[in-house]
Amino acid sequence: MRCPIHPGSEIHMIYRDYHSRSQVDLSHNTLTLHINVAFHYLVDYDYHRPDCWPEFAHDGSHRQMVIRYQGDPWNQTERNASRDHFQDRIYHHWNGPLELRPTHGAHADLACRIELHFVATDHNPVHLRVRVLNRPHATSIVQSPGAVPIPNQANEVAFRASCWPTRPPGQFDMNLNWQGNGGWDHLRNVPRPDGSIATGIPQNTVAHEFGHYLPLDHTCQVPGADIGWCASVDPHASAYCEYRPEHQFRSIMALGNDIWGEHGVPWRNRLLNLHHYGCQHFFEPHLV
């Protein structure tokens, strides 16, 4: 099938797609994902997550625990700062490194871009709903029935950022904790295949979770396998690529900040949602 994007043409088209939850703008040799983002500023939250305590870590029961997190009250300065920093980190990591190159024909490369639009929580549509707490700490835990209490366990459960790329309508896509500017940047120590440790591997939480929103899987994810919420999971089988070659765990969808060419697949796939059906077969994602 011929791809009807012609060299030199200027195509401007917006198509709303509630599955990929973005608006797509193809113009001036740029494929931009326009995303309406609603921040929900909460002060407490009951977080459902896998029960990782030892008595359930290996029984395959997929039991859940509920953790109550309490955060500080928000002021307007903190609200603005969290939103601005969220946008800054996504633009810094995702705008610029990727492009779609034509596999045949003379069409120019298509730059891959993100444009965020912050909207009210009752706006229609909202493509990305973010639940954010201000410096949260765990105050109580309700475990699976029959669990054995562990002393001070509430202090051992840090709030964990997360993102679900296929949320049901009206629910949240992403959970984040606000610790101030720079609080989403982390340095990690990651084991290599020979057991030595790569120290100080940087990763930005927001950039990683936004990759899931696009949606991208973890770099070493095995379909259907646990992604490593429980520390007892074999680290050699981790979705985050511990004990794998260093270039793998440095991926933004593992434990680092590196963008790979294949991370442009969500842009290529969204060409399916334009009227230029068939174009995705004529473009492949690459690093700029």
Report summary line: Result of the Cβ filter at 8 Å on the range 173-190, keeping first residues that are touching a residue at least 60 places away in the same chain (Cβ under 8 Å) and within 17 Å of residue 83 (Cβ to Cβ) and partners that are in a strand (DSSP E or B) and aromatic (Phe, Trp, Tyr), at least 6 apart or interchain, is 175/45; 175/47
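Counting only residues that are polar (S, T, N, Q) and within 13 Å of the chain's Cα centre (by Cα), which one in the range 127-173 is modelled with the highest pLDDT? Let's see the steps before the verdict.
So in the range 127-173, the residues polar (S, T, N, Q) come out as 134, 139-140, 143-144, 152-153, 155, 162, 166, 171.
Keeping just the survivors that are within 13 Å of the chain's Cα centre (by Cα) gives 162, 166.
On the way: 162: 82, 166: 61.
Looking at residues that are polar (S, T, N, Q) and within 13 Å of the chain's Cα centre (by Cα), I get 162.
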Query raised in the report: Taking the condition at pLDDT 95 or above and either of a type in the set (D, E, K, R) or over 19 Å from the mean Cα position of the chain (by Cα) (or both), does residue 73 pass?
Result: yes
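Within the range 240-273, restricting attention to residues that are in a loop (DSSP other than H, G, I, E, B) and charged (D, E, K, R), which residue is farthest from residue 202 (Cα to Cα)?
244
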**Report entry** Qualifying residue in the range 234-243 (condition: modelled with pLDDT of 85 or more, surrounded by fewer than 21 Cβ atoms within 10 Å (Cβ to Cβ), in contact with a Lys or Arg (Cβ under 8 Å, 6 or more places away or on another chain) and over 29 Å from residue 109 (Cα atoms))
**Finding:** yes
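Listed here are the residues, each with its yes/no results for (1) at pLDDT below 90; (2) crowded, with 21+ Cβ neighbours inside 10 Å; (3) not in a loop (DSSP other than H, G, I, E, B).
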{"position": "189", "(1), (2), (3)": "no, no, yes"}
{"position": "193", "(1), (2), (3)": "no, no, no"}
{"position": "215", "(1), (2), (3)": "yes, no, no"}
{"position": "225", "(1), (2), (3)": "yes, no, no"}
{"position": "228", "(1), (2), (3)": "yes, no, no"}
{"position": "232", "(1), (2), (3)": "yes, no, no"}
{"position": "276", "(1), (2), (3)": "yes, no, no"}
{"position": "286", "(1), (2), (3)": "no, no, yes"}
Query raised in the report: What number of residues within the range 31-63 are loosely packed, with under 14 Cβ neighbours inside 10 Å, over 18 Å from residue 121 (Cα atoms) and either touching a strand residue (DSSP E or B) at 6+ places or on another chain (Cβ under 8 Å) or modelled with pLDDT of 90 or more (or both)?
Result: 3
**Report entry** Given (1) farther than 27 Å from residue 138 by Cα; (2) modelled with pLDDT of 90 or more; (3) out of contact with any helix residue (DSSP H, G or I) (no Cβ under 9 Å at 6 or more places or on another chain), number of the condition residue 203 does not satisfy
**Finding:** (1)
Query raised in the report: Going through the range 84-125 one residue at a time, which ones are over 18 Å from residue 211 (Cα atoms), surrounded by 14 or more Cβ atoms within 10 Å (Cβ to Cβ) and among the β-branched types (Val, Ile, Thr)?
Result: 119
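The values are calculated or read from the model by the stated rules, or taken from the named source; none is laboratory data. These numbers come from a predicted model, not from an experiment. Every residue, glycine as well, gets a Cβ built from its backbone with ideal geometry; the counts of neighbours run over all protein chains shown.
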